[in-house]
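Here's the structure, in structure tokens; my notes come after.
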Amino acid sequence: MASSSQFVLLLLNFSVCIFQVQGFHLQSNAIVLSVIKDSSTSQYVTQIQHGSPIKFVVDLGGPLIWLDCGSGHVSSSGGRLIRLPSQSIQCSKAVHDRGSKTCDVFPENGVTGVLARGDLVEDTVAVGSVDVDRFLFACSPSFLLQGLASGAKGMLGLGRTRLSLPSQLAASVGHNRKFFVCLSPTNGFVSTHNTHQVSIFGPEISKSLIYTPLVDNKNSDYMINIKSIKINSNPVSVNAPLKAKLSTVDPYTTMDSSIYATFVKAFTKAAESRNMVRVTPVAPFGVCFGSDQSAEESVSAVPVIDLVLQSEMVKWRITGRNSVVRVNEEVVCLGFMDGGSDPVDPIVIGGFQLEDNLLEFDFGTSMLGFTSLGETGCSNVVVKESM
């Protein structure tokens, strides 16, 4: 029997795909990367080809793609990687050390927050079924890999910059400046395409997308405004509006300590009204409830959380499937964490809350589209090798 790691690699090898979602096919002019959740770190991993398959951790807000090139790394074309000069057009796309003769950039491990000096290089890579010439990425020192999923050699940035994967695909192969993300505990994906409509997922899914503006910020992250929070339709008393960052490297949603305390109090009250009994928390969670019911029964009993966005008509609804985590047969825990008293972002919507939601990030309109795929989820996408 194949090991779990072999199974993950097998799925990742199917990164050149045709997807069938709820009976609809993702058109073959899309570039699709399979994304698998690493069970030990809760990080989301994919791969691209650079001479050989290379495993990356997906960083939704990451400004660029960085890789531990290693000593004497050989490029996909057989030569050695060449550092780009500081005065090159390619280097002008990056935040770099302007006092250096070569294009020295600063890749960051989005999981640990550690930065390092790296070299901006250019080479040909294969993303899905497409060879992308003059693809830009940073070569980083090996210590930057600390904290990443086993086997990962770097991070794949999808952020709002000219060096992120979606931007480079738009510039290189003519795809739209938008991309789709669907995370899953088992089989998710990241996709770009060169059509102008989201109907590639079929009319049912396309019509269900709800849109909210992306907030302008000084970095590469994707942020939205939250006007208020409701639990079972009852408002939670927090200062509003709030800015929330979307993240694939934070496993669960975090909140400023003052917001978290108010939120937990309201959630616990609503849960206890549904006969959920609070029990001793199980690390790393701060709030847990006893549950001897089936998984489906446990989820249905959990209070509904609504993030009210630009108006009462625009809500991001979080049901039990995305709000509580079953840690054992007897306990479920609230998948929201205390982010400290002075976090950079008051709310960070983490990977667990993003799972089984189809997300559309549109650079051109600066809008986020989202819809829950419910029980069908991203994991029920049928992946077929197209080669």
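Could you tell me the calculated FRET efficiency between THR186 and SER366, based on Cβ-Cβ distance and R0 = 41 angstrom, to the nearest 0.05?
After rounding to 0.05, the efficiency reads 0.85.
Of LYS230/LYS315; LYS207/LYS230; LYS207/LYS243; LYS93/LYS218; LYS55/LYS218, which ones are farther than 19 Å apart at the Cα?
LYS207/LYS230; LYS207/LYS243; LYS55/LYS218
For TYR222, which sequence-distant residues (separation of 5 or more, or a different chain) have an amide H within less than 5 Å of its own amide H, given hydrogens modelled in the peptide plane?
Long-range HN contacts for TYR222: LEU246.
Once you treat every alpha carbon in region 215-359 as an equal point and sum by Debye, what is log10 I(q)/I(0) at q = 0.14 Å⁻¹?
Here log10 of I(q) over I(0) equals -0.63.
How much net charge surrounds SER247 when only the other residues with a Cβ under 10 Å from the Cβ of SER247 are counted, with Lys and Arg +1 and Asp and Glu -1?
-3
Pop the C-beta distance of THR319 and LYS101 into the FRET formula with R0 = 51 Å and round what comes out to the nearest 0.05.
It comes to 0.40.
So if each residue of separation counts as 0.36 nm, and I subtract the Cα-Cα distance between SER150 and ALA261, what length gain in nm does that give?
Result: 36.5 nm gained on full extension.
I want the local charge near GLU272. Using Cβ-Cβ distances under 13 Å, sum +1 for each Lys or Arg and -1 for each Asp or Glu among the other residues.
+4
Rule-based calculations on the coordinates, nothing more; no lab input. The structure displayed is predicted, hence computed values, not measured ones. Neighbour counts are summed over all protein chains in view; Cβ atoms, including those assigned to glycine, are modelled from backbone coordinates with ideal geometry.
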